[in-house]
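Right, one structure below, let's go through it.
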Protein chains: 2
Amino acid sequence: MVTIAQPGLAERLRAGQRQDERGNLFDADCPTRLILDRIGDKWTVLLVILLSEGPMRFTELRTHLGRVAPKVLTQSLRRMERDGLVTREVFAEVPPRVEYELTELGRDLLAPIDAVRLWAEEHAARIVANRERHDSGPA
Amino acid sequence: MVTIAQPGLAERLRAGQRQDERGNLFDADCPTRLILDRIGDKWTVLLVILLSEGPMRFTELRTHLGRVAPKVLTQSLRRMERDGLVTREVFAEVPPRVEYELTELGRDLLAPIDAVRLWAEEHAARIVANRERHDSGPA
C-alpha cells in the first residue's frame, strides 16, 4: 500500500479540465508533469513496446530488456500497474506463472512512444557524434 | 570539459548501422538507450516545446517553466547543447544577454515530443484517477 503524496490532485485536474478540457504541461501545479515523468522513464517505454506484442512473463521481459536489475524492473512494472497501464495476473500453476499485459490505456500509449523510439533510433548516431565533438572541443 | 564515459560508442553505433542502418533500442549495448534517457527528461521535453516558438533567454525559460531550480535548468540546457539540440549565444550587451535556440536537430525532435505531450495532457486525469483508486484499494 502506498499513500498518495498529494491528495486531491485528481480533483484539481478535473476542476481544471472543466475549464480547459485537458491538462497543461506548462502549469507547474498540473499533474500532467507527473505523467510525463512516468512515461519518460526508459523502462516504461521499453515495456510498452515489448508488451504490445502480447502478455509476457517477468523472466521473458528481463530476457528481452537485457541488463536490467530485477528490482528496477519490478518497480517499473508496479508503477505501470498503479497508473493503469498494465495488469498483473497470477496463474495457479506449479511453479506459479505471473503474466503482465497492457491495458487499453497502455496500448493507447504505444503510438506516442513509437514516435519517440523511431526518432531515437534514427538520430542516435548523430547525437553520439555531437557529444563526442562537444567533449573534445574547446571548453 | 567533460570526458566521455564510454569512448567509441559512436564508432560502435556506426558499425552497427552499417548492418542495420539504425539504432536498436532492444540492444543493451546500443547508445539509443542513452538518447532515450535524455529525451525522456521532463525538462528537455518542456524546453523543446518552449524553444520551438523562438530563441529565449534563461530568465524567460525559467518564467515559463515555473518551479525549476536554476541549477537544474542549467544542467538540462548544457546536456541539450552537448547533444546538439540547442545553441547558446552570448550577446555583448550590458548586462550580457544569453539566448538559447533550437538547432535543426532540436526542431526535428518537436514532432515526437508533441505526440507525448498531447497524450499526457489528454490522459492525465485518467492516470491520476487510476493511481488514487490503486492506492485506496486492497494491497
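The values are calculated or read from the model by the stated rules, or taken from the named source; none is laboratory data. Source: prediction; values computed, not measured. All Cβ positions, even for glycine, are placed from backbone atoms using ideal geometry, and neighbour counts span all protein chains on display.
Quickly run through segment A:125-139 and pick out the residues that are farther than 19 Å from B:R33 by Cα and either touching a Ser or Thr at 6+ places or on another chain (Cβ under 6 Å) or at the interface with chain B (Cβ under 7 Å from one of its Cβ atoms) (or both). Hits for segment A:125-139 are A:H134, A:D135, A:A139. So which residues in segment B:90-107 are β-branched (V, I, T) and free of Cβ contacts under 8 Å to residues at least 40 places away in the same chain? The answer is B:V90, B:V94, B:T103. From the list B:G40, B:G106, B:G84, B:G66, the lone residue that is within 11 Å of another protein chain (Cβ to nearest Cβ), among the small types (G, A, S) and touching an Asp or Glu at 6+ places or on another chain (Cβ under 7 Å) is B:G40. One residue alone among A:V116, A:V86 is modelled with pLDDT under 95 and among the β-branched types (V, I, T), and that residue is A:V116.
Residue-level check: of (1) at the interface with chain A (Cβ under 9 Å from one of its Cβ atoms); (2) touching a helix residue (DSSP H, G or I) at 6+ places or on another chain (Cβ under 7 Å); (3) farther than 25 Å from B:I35 by Cα, B:I113 misses just (3).
Contact map, segment A:24-37: residues that are facing another protein chain (nearest Cβ under 7 Å) and under 15 Å from B:T63 (Cα atoms) paired with residues that are assigned to a helix (DSSP H, G or I) and of a type in the set (D, E), Cβ distance under 8 Å, separation 6+ or inter-chain. Pairs shown: A:L25/B:E121. A count restricted to segment A:55-73 and to residues that are without any contact (Cβ under 8 Å) to a residue 24 or more places away in the chain and either more than 19 Å from B:L36 (Cβ to Cβ) or among the hydroxyl-bearing types (S, T, Y) (or both) stands at 5. Restricted to segment B:89-106, and to residues there that are under 14 Å from the mean Cα position of the chain (by Cα) and hydrophobic (A, V, I, L, M, F, W, C), the residue that is surrounded by the fewest Cβ atoms within 10 Å (Cβ to Cβ) is B:L105.
Total residues in segment A:59-87 satisfying the condition of being outside any helix (DSSP H, G or I) and surrounded by 14 or more Cβ atoms within 10 Å (Cβ to Cβ): the figure is 6.
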